[in-house]
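Heads up, the thing below is written out as structure tokens.
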Amino acid sequence: MLRRTLALEMAYRPGGVLATKLHLKHIATATTEGYAARPGGAQAELLAEVNKHEADRNLTLVLAEFRNYQQGILPAGPGARNLTDFFASIDSTLDTAPADGPKVQRNDRDILNLLSKRADVLHLGPANYCWFTDPSRALCLKLAGTPTATRPMIGMCDSARCPQATHHGVHRPVWAEHAERTKTFLGQLGTTRATEHERLTSDYNRAQRVITEIDDATTPHENEDPI
Ligand code: SF4
């Protein structure tokens, strides 16, 4: 606590970061910046870079899913309808450009502009995409008792039940592995472990349901009749 207080006191003075670095014998200035919670240095630059990479990655993912939608490969999960409706609205925007209006270039850049808002709310879970459009609908925040938080709590995600979650083909292996592992555990349970048996069975059934939904949704559909 003393080192921390000292770092804060020193780092905010002119030339203080370097003085703190030397005094606390840090090898890297970034360590001192983190230690002193001092914004604007290498740490802030790194954060900005990470955020930029994250934003680019999200845009690429949303574009890939939009292209999938156009091929009739749909999302699954509780938030699938919402996402499909969104893609349908983008698709119709592209289709309804007035003939005498400015020429619409349907290249990726134009479509990305339309998709960028949605990309901003995308968070990646290990087994789902989280479209964090409305904190009040986030199941993880409800479970955590923090309904006004500005970010989802991916560690508490229950994507099979949250209305903001979608499952895609890329998530299938995770669910398949989970189902397989749960099945193995079930097979090893003794007959006296009734409660555990019930819990694992419902876990297994849930994983199987998600897998079936992903398989159904990713089998190309006609876009006029989304699931
Ligand atoms: S429960 Fe999962 S999908 Fe829902 S908001 Fe939280 S992290 Fe996102």
| What is the residue count in the stretch 55-85 for residues that are in a helix (DSSP H, G or I) and either touching a strand residue (DSSP E or B) at 6+ places or on another chain (Cβ under 9 Å) or open to solvent by less than 40 Å² (accessible area, probe 1.4 Å) (or both)? | 13
| note | T191: passes all of (1) within 13 Å of the ligand (Cβ to nearest atom); (2) open to solvent by 70 Å² or more (accessible area, probe 1.4 Å) but (1)
| said: Of everything in the stretch 123-156, what is touching a helix residue (DSSP H, G or I) at 6+ places or on another chain (Cβ under 7 Å), open to solvent by 50 Å² or more (accessible area, probe 1.4 Å) and within 9 Å of the ligand (Cβ to nearest atom)? Give them in sequence order. | reply: L143, M153, M156
| task | May I ask you to list pairs of residues, at least six apart or on different chains, whose Cβ atoms are under 9 Å apart, with the first in the stretch 174-200 being touching a residue at least 24 places away in the same chain (Cβ under 8 Å) and the second being among the polar types (S, T, N, Q) and part of a loop (DSSP other than H, G, I, E, B)? | result | V174/N128
| query | Quick one: would you say A36 is within 30 Å of T146 (Cβ to Cβ), buried (at least 19 other Cβ atoms within 10 Å of the Cβ) and modelled with pLDDT under 90? | reply | yes
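What residue, among those in the stretch 194-227 that are acidic (D, E) and open to solvent by 100 Å² or more (accessible area, probe 1.4 Å), is modelled with the lowest pLDDT?
Let us first name the residues in the stretch 194-227 that are acidic (D, E), namely 196, 198, 203, 213, 215-216, 222, 224-225.
Still in the list and also open to solvent by 100 Å² or more (accessible area, probe 1.4 Å): 198, 222, 224-225.
Details: E198: 93, E222: 70, E224: 54, D225: 51.
Result: D225.
The values are calculated or read from the model by the stated rules, or taken from the named source; none is laboratory data. Note that the structure is a prediction, hence the values are computed from the model and not measured. Because the Cβ atoms are built from the backbone with ideal geometry, glycine has one as well, and the counts that use them run over all protein chains shown. What goes into the accessible areas is simple: the full protein's heavy atoms, side chains included, and nothing from ligands, DNA or RNA. Shrake-Rupley method; radii C 1.70, N 1.55, O 1.52, S 1.80 Å.
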